[in-house]
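Quick notes on the structure that follows.
The values are calculated or read from the model by the stated rules, or taken from the named source; none is laboratory data. As the structure is a computational prediction, the values presented were derived from the model and not from experiment. Methodologically, a virtual Cβ is constructed for each residue, glycine included, from the backbone with ideal geometry; neighbour enumeration extends over all protein chains shown.
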């Protein structure tokens, strides 16, 4: 019994490690690049965005699993999958937008267009879709969604730290702004390749 | 039949989400615009109207509504513009006008006829005087907005440079190549954006 | 536990001097063996109205007045202030703005005195029986005599001489460290006037009723240690220790010295008195002795005139107001060539003079003439920071100087403040060790100056907002009143009309 | 006359002195490389250093900036570091490509020395590894190995190997190469052979590993030579003890713990310490001042992070060697580490951030 428990814990740990590091959505799947570049100029904003995305991603993967299992599959409505998921995500984003507007108007301003754009963030939809495709159990899906969100948050905050330092650097004319940020993101992605093979998933 | 289930489930789901959202909307209603206060706090409060609005607060409201750009505050200069850019989450923009050195108004008292027009114009009540008496500017309170110049019928108000005090002197940046490059980069950045 | 850690740190060489960080600077005490000599009186003395930290004084004499040596010529009602006294007898010839030793090159109102050659002197009542007097009276005397900290900070001394029930002074430290290169004023003072310093120490001790006294001297001045020990034996004082401290810059900085001796740190934004310590310079102690026992105000000081470009270096007793050009001429430096620069103060914390037509003031502890090649910042070029971290290793208050300088350079002043910019004591250790020759202290001064201006602007904006809103309210009130009057008038008119009709 | 702030004295340290001292500290490892791989090492080091300096000069000229920084020794140092991480069989054009990557993508894109976010030499090494995985993991038998089939002390042989690869000397690649200890252990594990047996098959000896008489990149084989250089840097105070100590101690500790749990699955600590690029990374890569934290606590955390990542990637990852990935990954975190690991300032209580 205990051995089984440990096996399960190990399994869940692997799911998290895989989602955070090995199959990082931004750096190895190249999903969610838009907010990754858009809201990473300051660490504070990046942290706020991270929490918003974590909220949406975890709940979206949970809700999508429920919808998939209890509505789409029983009624054979898989052709409605995308539209359902988008609906879930859009509602969650609306909710978090109201929440942030109420609690932190400055963060609301700083996130600007990127907050509603979480709706069309390919990472969020990607997580939901990949999750149900893999056909995992409920807890595994939730963890996977959460792990992917943590991975997104991790690289977003690290990247924001790097960009804050970059803001002081005399970057050559042609590379100023987005180009050097992309080069940096590329280097990060190279570094994350070191994790490949860490978890066979 | 199949299509009916599809429509019903999708519709039902959407209805549920809509209900939840409308509840949330009630709970998280935002009164007024909290940004106005924050924007007003970084404005220099000269009330000079150089931004095209009748004072600092109206400009703050216009910026919060997104009607006014962030680069119209002349006395606030680059710093205020950067603070506004930070608050609004937009890229810094070059200033409309370069800020001038800080000034104070000065009334040539022997020419003053005591009409009190300048007193009425002063947005911070920094001019004292009574009808038919000489008026004078309290230099410590004058914001240098120049709003008193126009109404004066005898043109007896001058704008003088604020005297430079040794206590208020601040070290300049070092005159090194690196500091200069940094400064230029920042200016170029502001201009390019 | 912290004490144990500290001892471990000292043993391993991380805190060799009793405080964190610090550097070894070259000694260059060229004038250590030059006896103090008198500087002649110049044709005119220029006395700035502010020679201390705090509020500016106002002249209390008029043009044409004759003043006696030691007569008070300027004072202010402000608390943090020290009055100015005439260093010689003579005539006030003019009162106008004159350039002072300040990096801005700006000036202050100054009183110009032409000596009349007489030695008529004004003195306060001598108080040889000070140990029977009320400490408050002695404190008033110290204040009246214009005594400020002569180590370089020029903070009015009387402010620190308080008996506070909440913070009783336990330790009185006399600072004879003088860790700056070249400077030897305190060193010579201790060798030649040890007895007067010890008398001053007794007075200070009586005033604050300190239980223990420490005279701290760097261990590269063993002769001074010996002389001070003998003076204490002669004066038959008990509870006074002479400590030979490790030679390490900035051992002489008040905060660092207190940490070295007591192991305690002065809390940020507080004075040493909050941890029961009073720290005074040896020259200040001597000035207190003169003020109390002889009634003589502070009108002169010892100045080290030195440097490789100085033909006849020495330690001079100079009346305040003497032009620096005149002093340099006394030491053989008649005209200052292109490649020679004059520093006011020591090379680590002093100021390069842009003009030598400035007067010697209470803060002047050294005048150094150096060749251009010796001066950092003129012969080096700032290179990018390579984050080697040496600056953080030597910073005696444990800032992260390179990141702080980055924030200052890029005008991220709020960030700089969060990185404790205002705790920087500007000792210069970081700039000294920087392999990239970054003028870190200069960036910190820039940041501090800009932040001070921003704070002033914010306070002004707040005041303007308050006044503007008050005006709005007043105008609204007036409109309201006008409308009320109009309504009342209308109402009464209509009432009248109605009354007429009926 | 410019306003110049105090202090007016300077200790005399300079960037060039710093860089020269690091190059000096790398000399033992370089000589070891030449002893092991003969002329091949000379060629790779020379090409790498010269092309780095040249690339830097071209970049600065092209951008219209002052070319003075070329002579501060940092480009030459990057070239030397890069060369020492390369396998000896690399053809000349890959070395050249690596140098260009190091200077252009690793350094000049960010604005030159002092602004790069990642270690230039390691960035180039990783780019090369990802681009040419086969060539970058092919190790030559060192000349100390009695089975060494080619005479690398012969300049002509080494030159043709350098220019056109094994076919230039009429040899098959297999005939002159062997696996590195780390790679060997990893491949053996995938076919089910435990660490102890794998090391016996490899003829592994700690003494050889310590002296460096085994297959590996040019400069990373000899722990002894790297230790000499590292101790020189520590003594000269170019680097502080924090990063190397934390890094090596973490790897050793993790290896010791897991080795005691399962000696067949997890390699012993000594093997980890002496294998691969760990020593080189600990003393020369992770301590690169520009891309490592400045505060003592930050440096310790950085070192521990490098250690954990290195051990994890080596033990569980797809790549046999994790040291360079670990350092690059920790480089990403440096700005945040710097920000949150500032020391307690004089006179401030510990809960400084809560207070202010």
inquiry  = Can you say whether residue C:403 is outside any loop (DSSP other than H, G, I, E, B), within 11 Å of chain D (Cβ to nearest Cβ) and in contact (Cβ under 8 Å) with a residue 60 or more places away in the chain, as far as the supplied structure shows?
reply    = no
message = Just checking, does the range D:8-25 include any residue being in contact with a strand residue (DSSP E or B) (Cβ under 8 Å, 6 or more places away or on another chain) and within 14 Å of another protein chain (Cβ to nearest Cβ)?
response = yes
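Taking the conditions exactly as written (modelled with pLDDT of 95 or more and surrounded by fewer than 24 Cβ atoms within 10 Å (Cβ to Cβ)), does residue D:57 satisfy them or not? First the steps, then the outcome.
Numbers: modelled with pLDDT of 95 or more: yes; surrounded by fewer than 24 Cβ atoms within 10 Å (Cβ to Cβ): yes.
Yes, satisfied.
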Selected residue [facing another protein chain (nearest Cβ under 9 Å) and assigned to a helix (DSSP H, G or I)] from C:492, C:436, C:431 = C:431
Every residue from the range D:187-203 that is in contact with a helix residue (DSSP H, G or I) (Cβ under 9 Å, 6 or more places away or on another chain) and surrounded by fewer than 19 Cβ atoms within 10 Å (Cβ to Cβ) = D:187, D:188, D:189, D:193, D:194, D:197, D:201, D:202
ask   = For the range C:381-398, which residues satisfy the criterion of being facing chain D (nearest Cβ under 8 Å) and within 30 Å of residue D:66 (Cβ to Cβ)?
value = C:383, C:384, C:385, C:386, C:387, C:388, C:389, C:390, C:392, C:393
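I'm checking my understanding of the structure. Among residues of the range C:440-456 that are out of contact with any helix residue (DSSP H, G or I) (no Cβ under 7 Å at 6 or more places or on another chain) and buried (at least 19 other Cβ atoms within 10 Å of the Cβ), which one is nearest to residue C:430 (Cα to Cα)?
Applying the first criterion (out of contact with any helix residue (DSSP H, G or I) (no Cβ under 7 Å at 6 or more places or on another chain)) to the range C:440-456 yields C:442, C:445, C:449, C:452-453, C:455-456.
Narrowing the set further to residues that are buried (at least 19 other Cβ atoms within 10 Å of the Cβ) leaves C:442, C:445.
On the way: C:442: 11, C:445: 13 Å.
Checking each candidate, the answer is C:442.
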message = Residue under question is residue A:84, and the condition is that it be within 11 Å of chain B (Cβ to nearest Cβ), part of a helix (DSSP H, G or I), more than 15 Å from the chain's Cα centre (by Cα) and within 20 Å of residue B:5 (Cβ to Cβ); does it hold?
response = yes
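Could you please give the count of residues in the range D:77-113 that are assigned to a helix (DSSP H, G or I) and under 16 Å from residue D:289 (Cα atoms)? Break it down stepwise before answering.
From the range D:77-113, those assigned to a helix (DSSP H, G or I) are D:77-85, D:92-105, D:108-110; that's our starting set.
Narrowing the set further to residues that are under 16 Å from residue D:289 (Cα atoms) leaves D:77-78, D:81, D:110.
Going through the range D:77-113 one residue at a time, the tally reaches 4.
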Filter result for residue A:189 (within 20 Å of the chain's Cα centre (by Cα), modelled with pLDDT under 95 and more than 8 Å from chain D (Cβ to nearest Cβ)) = yes
ask   = Taking residue D:66 and the conditions (1) within 14 Å of chain C (Cβ to nearest Cβ); (2) assigned to a loop (DSSP other than H, G, I, E, B); (3) surrounded by 19 or more Cβ atoms within 10 Å (Cβ to Cβ), which numbered condition does it fall short on, given that it satisfies the others?
value = (3)
message = Residues to consider are D:283, D:271, D:325, D:266; find the one that is out of contact with any strand residue (DSSP E or B) (no Cβ under 6 Å at 6 or more places or on another chain), more than 14 Å from chain A (Cβ to nearest Cβ) and crowded, with 24+ Cβ neighbours inside 10 Å.
response = D:283
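Go over the candidates C:311, C:267, C:246 one by one and state the one that is more than 13 Å from chain D (Cβ to nearest Cβ) and free of Cβ contacts under 8 Å to residues at least 40 places away in the same chain.
Numbers: C:267 fails: more than 13 Å from chain D (Cβ to nearest Cβ); C:246 fails: free of Cβ contacts under 8 Å to residues at least 40 places away in the same chain.
When all the criteria are applied, what remains is C:311.
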task = Kindly check whether there is at least one residue in the range B:87-95 that is more than 30 Å from residue A:91 (Cα to Cα), away from chain C (no Cβ under 14 Å), surrounded by fewer than 20 Cβ atoms within 10 Å (Cβ to Cβ) and free of Cβ contacts under 8 Å to residues at least 24 places away in the same chain.
result = no
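Let's see how each residue does on (1) buried (at least 22 other Cβ atoms within 10 Å of the Cβ); (2) away from every other protein chain (no Cβ under 14 Å):
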{"residue": "D:90", "(1), (2)": "yes, yes"}
{"residue": "D:102", "(1), (2)": "yes, no"}
{"residue": "D:112", "(1), (2)": "yes, no"}
{"residue": "D:134", "(1), (2)": "no, yes"}
message = Whether any residue in the range D:295-313 is buried (at least 20 other Cβ atoms within 10 Å of the Cβ) and in a loop (DSSP other than H, G, I, E, B) is what I want to check.
response = yes
Output for the range D:181-202, where each listed residue is more than 16 Å from residue D:268 (Cα to Cα) and under 26 Å from the mean Cα position of the chain (by Cα) = D:187
task = Tell me which residues, restricted to the range D:166-186, are in contact (Cβ under 8 Å) with a residue 60 or more places away in the chain and surrounded by fewer than 16 Cβ atoms within 10 Å (Cβ to Cβ).
result = D:173
key: Residue, farthest from the other protein chains (Cβ to nearest Cβ), within the range A:166-181, restricted to residues that are in a helix (DSSP H, G or I) and buried (at least 20 other Cβ atoms within 10 Å of the Cβ)   = A:181
query = Across the range B:65-86, what is the total count of residues that are assigned to a loop (DSSP other than H, G, I, E, B) and surrounded by 17 or more Cβ atoms within 10 Å (Cβ to Cβ)?
reply = 8
Top-ranked residue of the range C:410-424 - restricted to ones that are surrounded by fewer than 20 Cβ atoms within 10 Å (Cβ to Cβ) and under 25 Å from residue C:347 (Cα atoms), ranked as nearest to the other protein chains (Cβ to nearest Cβ) = C:423
message = Let me spell it out: the conditions are (1) more than 28 Å from residue C:72 (Cβ to Cβ); (2) more than 23 Å from the chain's Cα centre (by Cα); (3) outside any loop (DSSP other than H, G, I, E, B), and residue C:326 meets all of them except one. Which number is the exception?
response = (1)
request  = Return yes when residue D:276 is at pLDDT 95 or above, under 30 Å from residue A:162 (Cα atoms), in contact with a helix residue (DSSP H, G or I) (Cβ under 8 Å, 6 or more places away or on another chain) and crowded, with 22+ Cβ neighbours inside 10 Å and no when it is not.
outcome  = no
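Being more than 7 Å from chain D (Cβ to nearest Cβ) and outside any loop (DSSP other than H, G, I, E, B) is the filter; apply it to the range C:346-369 and report the residue that is farthest from residue D:22 (Cα to Cα).
Kept after step one, since they are more than 7 Å from chain D (Cβ to nearest Cβ), are these residues of the range C:346-369: C:346, C:353, C:355-369.
If we keep only those that are outside any loop (DSSP other than H, G, I, E, B) too, we end up with C:359, C:366-369.
Values: C:359: 50, C:366: 40, C:367: 41, C:368: 38, C:369: 38 Å.
Once the filter is applied, the top-ranked residue is C:359.
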key: Filter pass, residue B:47 being at pLDDT below 85, touching a helix residue (DSSP H, G or I) at 6+ places or on another chain (Cβ under 7 Å) and either surrounded by 18 or more Cβ atoms within 10 Å (Cβ to Cβ) or not in a helix (DSSP H, G or I) (or both)   = yes
